[in-house]
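The values are calculated or read from the model by the stated rules, or taken from the named source; none is laboratory data. Owing to the predicted nature of the structure, the values given are computational and were not obtained by experimental measurement. Because the Cβ atoms are built from the backbone with ideal geometry, glycine has one as well, and the counts that use them run over all protein chains shown.
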Amino acid sequence: MAVERSAVDDRALRDLLEESQDIQSDAMGATREPLAELVELGHERRAGGGFDPVEADQFRVERRRLMRSSLVAGGALAAYGFGGALLRLLETPAFADQALDVQMLQTSASLENLAVATYDTALALPFIGGDGANATVKAFVTTTRGQHADHAKAFNDALTKLGGKLQPGADPVLIDVVNKAKPTLTDAGKVVDLAITLETGATETYQNNVAALADPNAKMVTASIMGVEAQHVAVLLAVQALLKASRPDLINLDPGNVANLPDVAGKVGFPESFQKTDMARAAGEGATK
Amino acid sequence: MAISESELVRLTADLDEMHRATLPAMHAAAEGWTEQLRSAASDLGSSRTNRRRFLAGGGAALGALALAACGSTGSNKATGNPTPTDRPGNTPLTGDFAVAALAASLEHLAVDTYQAGLDAATAGKLGAVPPAVATFAATAKAQHSDHAAAWNSVLTNAGKAPVTGVDLTVKNGVVDPAFAGVTDVTGLARLALGLENVAAATYLNGIAVMENNNALKIAASIQPVEMQHAAILNFVLGQYPVPDAFAKTDGYRLTSDQIG
């Protein structure tokens with residue numbers, strides 16, 4: 001079923017945004033610039049000749065759900081009434097399609113930037129990046145850090161193609177989680193625990209986004225990264241299990257070790273038949289301010 | 001540290017029992033998807049220009065599985081020319097339904113291959129079987145069975161016949177010849193890695209072409225799991241578990257594959 005397309009009411013949008021600045025300055029402080037960007041993108045998108053006329057209703061529902069979660073996360077719905085009106089405008093397809101794509105890509109880039117920074121922090125720890133650290137773990141952290149840097153660049157490249165603002169920063173919510181965890185990172189197991197949290201959040205965020213992104217390039221970039229983050233999770237879960245089993249000696253790439261691996265190593269890396277999304281981040285959590 | 005045949009049988013039985021306990025949640029999720037899917041069933045059969053390669057393309061991608069299954073020096077043993085999806089007694093599926101059927105057939109093939117591996121291990125044909133390998137095979141097999149069930153529930157809820165067969169193009173062209181040469185767990189792991197990579201690539205390609213968002217969500221919830229299987233298999237084989245920064249579509253299968 002084709003999605004109904006309606007033009008954005010520019011005057012109403014301007015009035016609403018001005019009203020937001022006058023009345024909701026505190027509540028909207030965090031989202032004003034993104035909203036201005038959305039207005040600009042809405043104009044650009046319409047000037048570019050319109051939209052793909054074929055989209056399923058489920059797609060619109062998915063985007064509405066993510067848009068709501070994004071606005072709630074940004075505090076935009078703090079004022080009753082105004083939030084609903086804004087939401088209706090933002091949900092008009094001509095306005096919302098590219099805007100939400102930009103937000104999702106910025107959030108994705110922010111998750112990757114945070115991962116890079118976190119792995120850098122880990123590599124500075126003697127038991128991860130030091131001379132006496134497990135060489136396989138060190139190599140994994142180093143390689144994974146590089147892969148996340150590649151992902152951040154890919155998301156920002158996709159943002160460039162959509163005309164969106166690049167996201168060089170880290171996810172503003174999860175960075176607090178990382179900062180609070182830093183003093184507690186006293187052994188490899190705690191670093192692995194933190195990394196699992198971040199990698200799982202990234203995997204599940206991208207899984208949500210894949211179903212909601214309108215731009216085909218953005219969708220495929222996200223999909224091609226989603227599974228790689230899941231692989232990071234699988235490896236980290238296996239490492240976590242071996243550490244808990246007091247067998248750090250088995251954390252290496254010697255094929256001869258397979259005979260000594262505990263049976264849990266054969267299943268711990270993929271605990272679910274279907275990847276879940278309960279740890280996904282809000283679509284606009286990492287949108288640029 | 002190898003395990004005995006009786007231990008292997010007990011282990012797989014325990015795993016299966018544990019796995020069954022998690023199924024209700026999966027079925028609830030699949031029913032939720034398929035309930036939505038039913039109302040949009042007509043969308044699933046549609047076809048668009050940008051999907052033609054996946055839905056009707058040739059079989060050139062088969063070589064990737066052959067290479068992976070047979071090792072880095074293996075040759076492409078693919079011999080069959082893909083034929084249009086053949087489902088005796090049923091109208092050929094089109095659009096996203098064809099992708100769902102292809103996915104179910106690949107999942108069935110994975111289930112059968114892991115079961116054949118477990119049978120061979122139980123029969124002592126693979127030498128010593130490490131516990132982690134037996135656990136992996138039993139767990140991955142159960143998850144692939146869940147994936148097949150999810151796709152078949154999509155089909156049956158839309159009034160289509162479920163897929164009970166396997167991807168014969170891959171089975172006859174690659175899996176059977178490769179399995180005949182498997183004499184140890186390393187060989188079995190290499191074959192499994194090839195299948196997992198092909199499944200993941202097929203799902204990634206499917207995400208690019210699927211029009212129905214619920215079908216796409218199913219693919220997006222399975223593709224990461226197949227890639228996790230591949231990561232652990234790489235680890236078991238002594239290979240770097242996350243070799244690529246970006247998942248690839250190399251080796252993806254086509255809806256023109258023969259199913260039976």
* **Given (1) closer than 24 Å to A:Thr144 by Cα; (2) touching a residue at least 40 places away in the same chain (Cβ under 8 Å); (3) not β-branched (Val, Ile, Thr), index of the condition B:Gly165 fails** => (1)
* Select from the range B:166-178 the residues that are more than 15 Å from B:His108 (Cβ to Cβ) and surrounded by fewer than 21 Cβ atoms within 10 Å (Cβ to Cβ) and list them in ascending order. => B:Pro177
* Please verify whether the range A:141-151 includes one or more residues that are away from chain B (no Cβ under 14 Å), under 30 Å from A:Leu213 (Cβ atoms) and either out of contact with any strand residue (DSSP E or B) (no Cβ under 9 Å at 6 or more places or on another chain) or assigned to a helix (DSSP H, G or I) (or both). => no
* To do: Could you tell me which residue of the range A:234-289 is surrounded by the fewest Cβ atoms within 10 Å (Cβ to Cβ), considering only residues that are among the small types (Gly, Ala, Ser) and at the interface with chain B (Cβ under 7 Å from one of its Cβ atoms)?
  => A:Ala259
* Asked: Just wondering, is there one or more residues in the range B:138-161 that are within 11 Å of chain A (Cβ to nearest Cβ), over 12 Å from the mean Cα position of the chain (by Cα) and not small (Gly, Ala, Ser)?
  -> yes
* Every pair of residues 6+ apart whose Cβ atoms lie under 6 Å, when the first sits in the range A:222-235 and is at negative phi while the second is polar (S, T, N, Q) and surrounded by fewer than 24 Cβ atoms within 10 Å (Cβ to Cβ) -> A:Val233/A:Thr200
* Structure fact -> Among the residues of the range B:101-122, the number that are away from chain A (no Cβ under 14 Å), touching an Asp or Glu at 6+ places or on another chain (Cβ under 8 Å) and small (Gly, Ala, Ser) is 1
* Asked: Checking B:Val185 against (1) crowded, with 24+ Cβ neighbours inside 10 Å; (2) modelled with pLDDT under 95, which single condition isn't satisfied?
  -> (2)
* Counting only residues that are over 17 Å from B:Met227 (Cα atoms) and among the basic types (Lys, Arg), how many does the range B:125-147 have? -> 1
* To do: Check A:Ala218 against each of (1) among the small types (Gly, Ala, Ser); (2) out of contact with any Lys or Arg (no Cβ under 6 Å at 6 or more places or on another chain); (3) at the interface with chain B (Cβ under 10 Å from one of its Cβ atoms) and name the one condition it does not meet.
  => (3)
* Looking at B:Gly89, B:Gly124, which one is small (Gly, Ala, Ser), modelled with pLDDT of 95 or more, surrounded by fewer than 24 Cβ atoms within 10 Å (Cβ to Cβ) and not in a helix (DSSP H, G or I)? -> B:Gly124
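Of the residues A:Lys190, A:Lys182, only one is on the phi < 0 side of the Ramachandran plot, free of Cβ contacts under 8 Å to residues at least 40 places away in the same chain and of a type outside the set (Gly, Ala, Ser); which?
The conditions single out A:Lys190.
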* Could you please give the count of residues in the range A:138-167 that are farther than 11 Å from A:Gln106 by Cα, in contact with an Asp or Glu (Cβ under 8 Å, 6 or more places away or on another chain) and not basic (Lys, Arg)? => 5
